[in-house]
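Input: a single structure, listed below in structure tokens.
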Amino acid sequence: MVPQPPAENLAMQDGKKREGRGAAYQVMCPGTGRIGLVWIPDGNAPGAPAIDPEVVARQAVDSMKLVGPDIDINPKPGGKGLVGMPVWMAVDQSRTTYGPNSATATAGGVTVTATAKVKSIVWHMGDGTSVTCNGPGTVYRKSFGMKQSPDCGHVYKQTSDSAGGKFKVSATATWAVDWQVAGSGGETGQLTEVRNSQVALTIIESQAVN
């Protein structure tokens, strides 16, 4: 305790009589709400709790403000797609939606730098199927015509009427986070973060186009 209790304090007097040289420490017990005083001899004082670098790494990740994928899908959510026609799935890349993104945090004298990047995206297409893409996908252009996406695509075999008028498409990104404690030979590790985004697609039969 700083300052130490006055010499006439009973805990101080009893402690010095029993243990000799030492100091008074305040004891707080969150479970019971008890707050008291204890005398601890010199050499037995409790040290500062060890800091888990992974906890500090998570603080760094929190500061990155990572969010779900920035979806760029064709057909567009506001338009209509056709049964049997290629759907192109892609995501726009930024620091918060795809990475790489880096941040540093410090706690208890431990400094950790973390770097995060999306490792894969799983697309749940709303028709009971899912597609795993290990990259951001290719953004569709009109010049591609009726081609299928070379790296991240899907073809619906039924209309979205069976799903209430629209297929709810979700993109779930898995982020790989590598972290390292500052200093030569600092401890390293890896974390996984997951973020999700959704859009809705209308898929109709070709003969229903007006």
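Here G109 meets each of (1) within 30 Å of E54 (Cα to Cα); (2) surrounded by 13 or more Cβ atoms within 10 Å (Cβ to Cβ) with one exception, condition (2). Taken together, G126, G81 contain a single residue that is assigned to a strand (DSSP E or B), over 19 Å from the mean Cα position of the chain (by Cα) and in contact (Cβ under 8 Å) with a residue 60 or more places away in the chain, which is G81. Scanning the stretch 163-210 for residues that are of a type outside the set (A, V, I, L, M) and under 20 Å from the mean Cα position of the chain (by Cα) yields a total of 16. If you go through the stretch 177-197 and keep only what is surrounded by 16 or more Cβ atoms within 10 Å (Cβ to Cβ) and among the hydrophobic types (A, V, I, L, M, F, W, C), you end up with V177, W179, V181, L191. Does A200 satisfy the criteria of being assigned to a strand (DSSP E or B), of a type in the set (G, A, S), open to solvent by less than 90 Å² (accessible area, probe 1.4 Å) and more than 18 Å from Q93 (Cβ to Cβ)? Answer is yes for this residue. Filter the stretch 159-176 for residues that are in contact (Cβ under 8 Å) with a residue 60 or more places away in the chain and either loosely packed, with under 14 Cβ neighbours inside 10 Å or among the aliphatic types (A, V, I, L, M) (or both); which is nearest to K119 (Cα to Cα)? Restricting to residues being in contact (Cβ under 8 Å) with a residue 60 or more places away in the chain and either loosely packed, with under 14 Cβ neighbours inside 10 Å or among the aliphatic types (A, V, I, L, M) (or both), the top hit is A176.
For the structure I just gave you, tell me whether V87 is in contact with a strand residue (DSSP E or B) (Cβ under 6 Å, 6 or more places away or on another chain), on the phi < 0 side of the Ramachandran plot, outside any helix (DSSP H, G or I) and modelled with pLDDT of 95 or more.
For V87, the condition - in contact with a strand residue (DSSP E or B) (Cβ under 6 Å, 6 or more places away or on another chain), on the phi < 0 side of the Ramachandran plot, outside any helix (DSSP H, G or I) and modelled with pLDDT of 95 or more - is met.
Might you check whether a residue that is at positive phi and outside any strand (DSSP E or B) occurs anywhere in the stretch 46-61? So that I can check it myself, show each step before the final result.
Going residue by residue through the stretch 46-61, those that are at positive phi are none.
Looking through the stretch 46-61, none of the residues is at positive phi and outside any strand (DSSP E or B).
For the stretch 106-123, filtering for residues that are under 23 Å from I203 (Cβ atoms) and in a loop (DSSP other than H, G, I, E, B) leaves 0.
Once the stretch 129-153 is narrowed to residues that are within 23 Å of the chain's Cα centre (by Cα) and either farther than 20 Å from T192 by Cα or among the hydrophobic types (A, V, I, L, M, F, W, C) (or both), the residue that is surrounded by the fewest Cβ atoms within 10 Å (Cβ to Cβ) is S130.
If a residue must be β-branched (V, I, T) and not in a strand (DSSP E or B), how many such residues does the stretch 179-197 contain? Walk me through how you get there before you give the answer.
Residues of the stretch 179-197 that are β-branched (V, I, T), as a first pass: 181, 188, 192, 194.
Those still in the list that are not in a strand (DSSP E or B) too: none.
Final tally of qualifying residues: 0.
Looking at the stretch 193-210, I want the residues that are modelled with pLDDT of 95 or more and have a partner that is open to solvent by 70 Å² or more (accessible area, probe 1.4 Å) with Cβ atoms under 7 Å, at least 6 apart or on another chain. Which pairs are those? Partner pairs satisfying both residue conditions: Q198/K168; A200/K166; A200/K168; L201/K166; T202/K80; T202/K166; I204/K80.
Here A103 fits the description: free of Cβ contacts under 8 Å to residues at least 60 places away in the same chain, within 28 Å of V56 (Cα to Cα) and not in a loop (DSSP other than H, G, I, E, B). The residues of the stretch 8-63 that are hydrophobic (A, V, I, L, M, F, W, C), closer than 30 Å to G183 by Cα and at pLDDT below 75, listed by number, are A45, A48, A50.
The values are calculated or read from the model by the stated rules, or taken from the named source; none is laboratory data. Every value quoted in this text rests on a predicted model; they were computed, and no experiment measured them. Here the Cβ is made from the backbone with ideal geometry for all residues, glycine too, and neighbour counts use every protein chain on show. Heavy atoms of the whole protein, side chains included, go into the accessibility calculation; ligands, DNA and RNA do not. Shrake-Rupley method; radii C 1.70, N 1.55, O 1.52, S 1.80 Å.
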